[in-house]
1. Of all helices (runs of 4 or more DSSP H) completely enclosed by the chain, which ones contain at least 1 residues that are more than 14 Å from the chain's Cα centre (by Cα)?
2. Only one of (1) of a type outside the set (Phe, Trp, Tyr); (2) under 24 Å from Asp77 (Cα atoms); (3) without any contact (Cβ under 8 Å) to a residue 40 or more places away in the chain fails for His38. Which number is that?
3. State all residues of region 10-27 that are exposed (fewer than 14 other Cβ atoms within 10 Å of the Cβ) and at pLDDT below 90; if no residue qualifies, say none.
4. Between a residue in region 42-64 that is over 16 Å from Lys23 (Cα atoms) and any residue that is basic (Lys, Arg), which pairs come within a Cβ distance under 7 Å, given they are 6 or more apart or on different chains?
Amino acid sequence: MRLMKHDLSHQTDYRTFLLAWLKNDCNATDTASELGIHRNTVRNNLQWMEKQFGVDLKDVRFKNQFVVSNHVQQYLDLKNE
């Protein structure tokens, strides 16, 4: 997934950010609290990701695809250890 490639090449952690947002039922306030950032930062990050990667983060299909791809990546990481 492009987000994971971006994280690797830019030393960012948007994958963890997006997982936290999904885990918190897409609630900016709860996500901000969990990550220790301001809720406006959550909203700004979400807007940036939608623009940067051309995705609709509110789309259920995208959310499902992201979660599944994350599980596959975790499996591959464990397998390669």
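The values are calculated or read from the model by the stated rules, or taken from the named source; none is laboratory data. Remember, predicted model here, so these are calculated numbers, not experimental data. Here the Cβ positions follow ideal geometry from the backbone for every residue, glycine too, while neighbour counts run over all protein chains shown.
1. 2-10, 28-35, 39-53, 60-79
2. Result: His38 fails condition (2) only.
3. Selection gives Thr12, Asp13.
4. Phe53/Arg2
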